[in-house]
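Here the structure comes first, spelled out in structure tokens, and everything after it is commentary.
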Amino acid sequence: MLSCKHLVEQASDYIDDEMSMRKRVQVKLHLFMCVSCRRYLKQLKLTIAMLHCKNQHQAPEAMCHHLLKEYQKNLPKQGS
Amino acid sequence: MNKTGVSTEEALPDERELTQRLISNDQQLFMTVVKAWHPSLYSVAAAIVGHSIADEVVQEAWVSVIKALPKFEGRSALKTWVTRIVANEAKNRYRKESRSVSLESVDENWATDSRLVSDPRFDSSGHWNQRNPAWDMGSPDELLSAQELQDCVDKHLARLPEQQRYIMELRDAGGMDMEEICNILEVSSSNARVLLHRARDRIQQVVAKFQRTGEC
């Protein structure tokens, strides 16, 4: 049977759906019986979601202004 | 635009209409796209050249996109195409800045050592030494609002080996698919997956320790 350590090592493949059906069944069976691994998986998903939300860097105003000017210069209105 | 004035991808028209309107000088839509895609494009640039010049790289890439847009053939999604241009611009800048480690010299052995063999979380038979405790903070928002925790995460993100951090930023912050990441960083798919998991696992442990002890 899959050990907790092996499950932890393969957790990203499980979350990203990058494992064979056979392995997936083994993981599901293990998760059914192991609260610590269920928690680990939930925590890893939460960590990934946090990292995704963390880096929502917004476009600087000066950059938007510069790009709009470039856009107007290079892509004139059709028909003009 | 949403309530906070930030453009979101959900507000964009479908692929065909989007391309057509951008080529036809829809300035408002162009600005919406620039703002909506910036977080992920920035992550791609930052993963390759670092945060200090990432905005500049994205800006330069957009200038190339604007010039090439009328010739866009639609072989891939527009965002994939723009992301690739940002990644190429970042790689060119990276080479020009002549950093000490080149993208071509990624040490593939990083992914094949046996760090996890002596993982103190597990006993010799691979079971948890102690039951893994549940976290008090159960949502990304709760985690993000704990400033001390975020400072701690930032500290540990900066300490990750460069390649692990790049891959995690591209994948989890930038939302890029793994094939694209492997092309950009020139690493094999199996190594990229190992490096990605190491980085995620490391940050999970940082958050877990903070939840357990309140310490970084």
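So here's what we get for this one:
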{"quantity": "Cα-only Debye scattering, the stretch B:9-96: base-10 log of I(q)/I(0) at q = 0.12, 0.20 Å⁻¹", "calculated": "-0.34, -0.91"}
{"quantity": "Estimated FRET transfer efficiency when R0 is 35 angstrom, pair B:A134-B:S190 (beta carbons, to 0.05)", "calculated": "0.60"}
{"quantity": "Gyration tensor over alpha-carbon atoms, the stretch B:155-216, equivalent ellipsoid semi-axes in Å", "calculated": "25, 10, 10"}
{"quantity": "Cα-based Rg of chain B normalised by 2.2 N^0.38 Å, two decimals", "calculated": "1.18"}
{"quantity": "Hull shadow area, averaged, the stretch B:111-213 [alpha-carbon convex hull, nm²]", "calculated": "7.5 nm²"}
{"quantity": "Most mobile listed residue (B:A77, B:A46, B:A87) in chain B, GNM with C-alpha springs under 10 Å", "calculated": "B:A77"}
{"quantity": "Overall Cα dimensions of chain A, principal axis frame, Å, largest first", "calculated": "69, 26, 16"}
{"quantity": "Calculated FRET value between A:C53 and B:E73, using beta carbons and R₀ = 30 Å, to 0.05", "calculated": "0.30"}
{"quantity": "Extended-chain gain in nm, criterion 0.36 nm per residue less alpha-carbon gap, B:Q20 and B:Q150", "calculated": "42.7 nm"}
{"quantity": "Backbone N within the stretch B:52-73 under 18 Å of label point (7 Å from A:K73 Cα along the Cβ vector)", "calculated": "B:56-70"}
{"quantity": "Average accessible area per residue (Å²) across chain B - probe 1.4 Å, nucleic acids and ligands excluded", "calculated": "49 Å²"}
{"quantity": "222 nm mean residue ellipticity, helices alone, for chain B (DSSP H n ≥ 4; -39,500 (n - 2.57); rounded to 500)", "calculated": "-18500 deg cm²/dmol"}
{"quantity": "Choice from B:G74, B:G126, B:G50 showing the highest fluctuation, given a GNM over chain B with Cα pairs closer than 10 Å", "calculated": "B:G126"}
{"quantity": "Residue of A:H30, A:H66, A:H52 that the Gaussian network model of chain A assigns the largest fluctuation, springs spanning Cα pairs under 10 Å", "calculated": "A:H66"}
{"quantity": "Distance from the stretch B:135-156 to the stretch A:16-80 (C-alpha centre basis), Å", "calculated": "18 Å"}
{"quantity": "A:L31 versus A:H65: modelled label distance in nm, points set 7 Å from Cα along the beta carbon direction", "calculated": "5.0 nm"}
{"quantity": "Per-residue average of Cβ from other chains inside 10 Å of B:173-180", "calculated": "2"}
{"quantity": "Chain B: angle of helix B:189-213 to the longest principal axis, Cα-based, in degrees nearest 10", "calculated": "60 degrees"}
{"quantity": "Principal-axis tilt of helix B:27-49 within chain B, Cα atoms, nearest 10 degrees", "calculated": "40 degrees"}
{"quantity": "CD proxy at 222 nm, helix term only [per DSSP H run n ≥ 4: -39500 (n - 2.57); per residue of chain A; nearest 500]", "calculated": "-22500 deg cm²/dmol"}
{"quantity": "Along chain B, longest interval not containing exposed GluC sites (Glu not before Pro), exposed being DSSP loop plus at most 11 other Cβ atoms within 10 Å", "calculated": "B:98-214"}
{"quantity": "Trypsin sites (Lys or Arg not before Pro) within chain A, DSSP loop, no more than 16 other Cβ atoms inside 10 Å", "calculated": "A:K77"}
{"quantity": "The protein assembly as shown - convex hull of the alpha-carbon atoms, volume per residue in Å³", "calculated": "154 Å³"}
{"quantity": "Per-pair calculated FRET efficiency, R0 = 41 Å: A:M1 and B:E215 via Cβ, rounded to 0.05", "calculated": "0.70"}
{"quantity": "Residue-averaged beta-carbon neighbours from other chains (10 angstrom radius) around A:32-44", "calculated": "4"}
{"quantity": "Spatial separation of Cα centroids for the stretch B:24-52 and the stretch B:200-216, in angstrom", "calculated": "31 Å"}
{"quantity": "Cβ-isolated cysteines (cut-off 4.7 Å), chain A", "calculated": "A:C4, A:C53, A:C64"}
{"quantity": "Gain on full stretching of the segment that runs from B:S125 to B:D141 - 0.36 nm per residue minus C-alpha separation", "calculated": "2.1 nm"}
{"quantity": "Given 10 as the ceiling on other Cβ atoms within 10 Å, longest exposed-site-free region of chain B for trypsin sites (Lys or Arg not before Pro) in DSSP loops", "calculated": "B:132-216"}
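The values are calculated or read from the model by the stated rules, or taken from the named source; none is laboratory data. Please read these numbers as outputs of a predicted model, since none were measured by experiment. Reconstructed Cβ throughout: ideal geometry from the backbone, glycine too, with neighbour counts over all protein chains shown. Accessible surface areas use protein heavy atoms only, side chains included; no ligands, DNA or RNA. Shrake-Rupley method; radii C 1.70, N 1.55, O 1.52, S 1.80 Å.
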